[in-house]
Amino acid sequence: MTFGQRVRTLRQANGLTIRQVADAIRRDFTYVSKIENDRTLPPSAEVIGSMATLLGADPEELAILGAK
């Protein structure tokens, strides 16, 4: 599973839209879409931490996936 796939799975499991995630982490929704579709490099540690908190995920798991 890629970083983007994991983020999408977590987002959907939490019943959130891409726009809701983007607003919560203070990023543009197109950026979150690119992350989910693996069309950009994984985000910074700060953004990974914010996403993990929002999505109820382990930040280390996301960081490891992002480093692959």
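The values are calculated or read from the model by the stated rules, or taken from the named source; none is laboratory data. Treat the numbers as computed from the prediction; the structure is a model and nothing was measured. Because the Cβ atoms are built from the backbone with ideal geometry, glycine has one as well, and the counts that use them run over all protein chains shown. Just the protein is used for accessible areas: all its heavy atoms, side chains included, with ligands, DNA and RNA removed. Shrake-Rupley method; radii C 1.70, N 1.55, O 1.52, S 1.80 Å.
Per-structure values
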{"read-out": "Solvent exposure of the chain as accessible area per residue, Å², 1.4 Å probe", "value": "61 Å²"}
{"read-out": "The chain - percent of accessible surface contributed by carbon and sulfur, probe 1.4 Å", "value": "50 percent"}
{"read-out": "The chain: calculated mean residue ellipticity at 222 nm from DSSP helix runs of at least 4, using -39500 (n - 2.57)", "value": "-20000 deg cm²/dmol"}
{"read-out": "Probe 1.4 Å - accessible area at T9, Å² to nearest ten", "value": "60 Å²"}
{"read-out": "Cα-centred dipole magnitude for the chain, charges only on beta-carbon of K, R (+1) and D, E (-1), debye, nearest 20", "value": "240 debye"}
{"read-out": "Distribution of pairwise C-alpha distances over the chain, 5 Å bins, in %", "value": "4, 20, 35, 31, 10, 0"}
{"read-out": "Radius 15 Å from Cβ of D28, net charge of other residues (Lys, Arg +1; Asp, Glu -1)", "value": "+3"}
{"read-out": "Relative contact order (%) - criterion: Cα under 8 Å, at least six apart; region: the chain", "value": "38 percent"}
{"read-out": "Net charge over other residues, Cβ less than 15 angstrom from the Cβ of K68 (K, R count +1; D, E count -1)", "value": "-2"}
